[in-house]
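The values are calculated or read from the model by the stated rules, or taken from the named source; none is laboratory data. In this text the structure is predicted, and so the values were computed from the model without any measurement. Cβ sites come from the backbone with ideal geometry, for glycine too, and all protein chains shown count toward neighbours.
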Amino acid sequence: MPRTLFVQIGVVSFLCHAAIAVEDPSPLFQAVRNNNLAFLKTHLDKTNVDSRDDHGATLLMHAALVGSPEALRILLDGGADINARNSFEATALIWGARDAAKVSMLLAQGADVNVQSKQGRTPLIVAAQGSSESVRLLLARGANAKAHDGAGITALMNAALAGDFASVRALVEKGADVNAQATLFQDFGSTPLMAAACSGNPAVIKYLIEKGASVEAISNNSGQVKNGLVGMFKMTALMKAAPDNRGEIVQALLKAGANVKPRDVREMNALMLAVATERADPKNVALLLRAGADPNAPSALGETSLDWGLKFGNPEIISMLRDAGARTGDRYVKPEFQRPETGPTAEQAIRKSLPLLQQSSTVFMEHSGCVGCHHQPLTARAVHAARSAGIAYNETAAQEQSKAIRMENISQVELLRQGIEKGGATDRLTQSILGLHAYQPQPEEMTDTVIAEIAEGQLPAGNWHFGGISRAPSGESEIGRTAYAIRAIQLYPLPGRMVEFDERIQRARAWLEAAKPVTTEDYTTRLLGLFWSRGAQARIRGAAQDLLSMQRSDGGWAGNKYLESDAYSTAVALAALQETGAATPGSPEASRAIRYLLNTQNEDGSWYVRSRAVKFQPYFQSGFPYDHDQWISSTATAWAVIALAPSVGHPTAQNR
């Protein structure tokens, strides 16, 4: 209880509470977190079983989030208040709603099934983010299927976004509104059908259409960030489905009457969004063209579908668009470069890059007000790599970047505990964790919360999915998303959930083994994911050989088979090969890749890569060169530092 309240409630109450609070409750919270069941049993009694943290959360709530079922049982048997609320009005059932075993235990003790937090979250809304068994249990106890949170998000929207057909059907049968619409930024104004269009599950799409979901609904809000509106509204379900290029979903929406003509706030139509991805499918492009999609509709930046097709280079799609009369609308001009007369060594290249990366990370934070996956976290990893190679860096800037990553996540702890994400889903969380670990490997309450949220994002098949948007190359790979999630939960494990996490990693590894890589990013991160998940050596060697076979004659790698080599794909591939032991700085393949990177660095310390990601953040200058190509170029530069660091001082990493 906060000290300021003691005066208000009287001396008698003060003495009572003071007597209870003499013993520091934090060891009990640590016992829950660390699964120290013996300590918990020995030290728990009626005076401390409902101990609270600084925000009023009880031991039972922490056990529901990060503890084991056994710890939860000890607290329940000890008489813990089943419906105790923290300062955000959340309860143990809300925090633990996605763990069916814990939900069952809490419901058996009388947990309030329709409790709502200050954010409007109910156990059912949280559970619907991937736990069909929890949804079943909650509905059986009378959970309200029509409830929505403060952003207008319903359980049905969450279940549809997770592609959870069983939950979608159960919720609709209980009266959930198939045309409800979220109102605020968290879900980009989505309806259940729009959410389903991002899930990749055709069965959910078809079911919702059958139940009367409108294919014509348009998202009404995407929220305001520091530099303006996020460019993710005025969208339809067809637009949301387009980047995933799943033919059965596109066909179902078109058959139901989806209109191909609307354009979103960026003036992009479904055809353009379907083309602007590494996974563009000629069959879907043909479907959209036959349905009347305009190949020459310009975006707000003046780009056409053909401009986007040329960025990715697929000749079949380019030919198809041209046959349909498509023209280019934006003339691409490659930036001019200043190459040094003598190529740098790896150490010299890194020394040039670090100040630019650290300065840009600071500017990005100042202008955006948020941590960007391509800035703070990757710069943190680049600084860590440079430090490991004995190269000096700006310690003050590094501390500020670490603080920015940490504080942004701390500010969202309670939201994450209720399954509310700021944006970017697993991608943002995993990259934050990887960046934070470079500076601060010790776990804390915030990292526990982030890791718990990452874990809950895993689908039953074993992968992590984030649809509805294409952010090639670094934010589009499902394989990469899964690999980085594996790594994150390994770096900050939760002792109370280790059995569960081991099972999660096994499922993820099995999914990776069966996955079919398409892009260079897929091949690179499949190798990393198999290595991190301790896959069979034969599979790791096979994945490494697949990646090595894609190296070009110039020593680099390209984003896909149609494009030229670039610094991003080369640096990530080289870093993965070195981390997994498949290449060393002295090996022929690594030596050629190192030379490629050293020969393509600009005089200012940057590497240039042309952007081929559909933008949704308002544009601003981040202190990095190349204007609209600056963020992927910053990402490439950070990865180049990471890839070159192991070769510092090696003979093959000298001047060309």
Exercise. Which is part of a helix (DSSP H, G or I), farther than 29 Å from Gln442 by Cα and basic (Lys, Arg), of Arg541, Arg481, Arg487, Arg504?
Worked result: Arg541
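Within region 421-433, can one find any residue that is hydroxyl-bearing (Ser, Thr, Tyr) and more than 26 Å from Arg507 (Cα to Cα)?
No, the conditions are met nowhere in region 421-433.
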For this session: With a cut-off of at least 2 residues that are of a type outside the set (D, E, K, R) and surrounded by fewer than 21 Cβ atoms within 10 Å (Cβ to Cβ), name the helices (runs of 4 or more DSSP H) lying wholly within region 555-656.
Result: 588-600
For this session: Determine the pairs where a residue that is surrounded by 24 or more Cβ atoms within 10 Å (Cβ to Cβ), located within region 370-384, has a partner that is at pLDDT below 95 and not in a helix (DSSP H, G or I) with Cβ atoms under 6 Å apart, the partner being 6 or more residues away or on another chain.
Result: Val383/Tyr393
Exercise. What number of residues within region 432-466 are part of a helix (DSSP H, G or I), farther than 15 Å from Gln490 by Cβ and not hydroxyl-bearing (Ser, Thr, Tyr)?
Worked result: 5
Exercise. Across region 386-409, which residue is nearest to Ile350 (Cα to Cα) among those that are more than 17 Å from the chain's Cα centre (by Cα) and β-branched (Val, Ile, Thr)?
Worked result: Ile391
For this session: May I ask you to list the residues in region 385-401 that are crowded, with 19+ Cβ neighbours inside 10 Å and either in contact with a Phe, Trp or Tyr (Cβ under 8 Å, 6 or more places away or on another chain) or under 21 Å from Gly468 (Cβ atoms) (or both)?
Result: Ala386, Ala398, Gln401
Exercise. Any idea which of (1) in contact (Cβ under 8 Å) with a residue 24 or more places away in the chain; (2) more than 29 Å from Arg85 (Cβ to Cβ) is the one Glu210 doesn't satisfy?
Worked result: (1)
Exercise. In region 76-87, which residues are part of a loop (DSSP other than H, G, I, E, B) and surrounded by 18 or more Cβ atoms within 10 Å (Cβ to Cβ)?
Worked result: Ala80, Ile82, Arg85, Asn86
Problem set entry | Hey, Glu513 surrounded by fewer than 20 Cβ atoms within 10 Å (Cβ to Cβ), touching a Lys or Arg at 6+ places or on another chain (Cβ under 7 Å) and either of a type outside the set (Gly, Ala, Ser) or in the same structural domain as Ser633 (by TED's automatic domain parsing) (or both) or not | yes
Exercise. When you look at Ala326, is it more than 31 Å from the chain's Cα centre (by Cα) and modelled with pLDDT of 95 or more, yes or no?
Worked result: yes
Problem set entry | So Pro473, is it assigned to a loop (DSSP other than H, G, I, E, B), surrounded by fewer than 19 Cβ atoms within 10 Å (Cβ to Cβ) and out of contact with any Ser or Thr (no Cβ under 6 Å at 6 or more places or on another chain) | no
Exercise. Before we move on, is Ala101 surrounded by fewer than 20 Cβ atoms within 10 Å (Cβ to Cβ), outside the structural domain of Val413 (by TED's automatic domain parsing) and modelled with pLDDT of 95 or more?
Worked result: yes
Problem set entry | Single match in Gln412, Gln431, Gln418, Gln401 (criterion: out of contact with any Pro (no Cβ under 8 Å at 6 or more places or on another chain), closer than 19 Å to Ala385 by Cβ and modelled with pLDDT of 85 or more) | Gln401
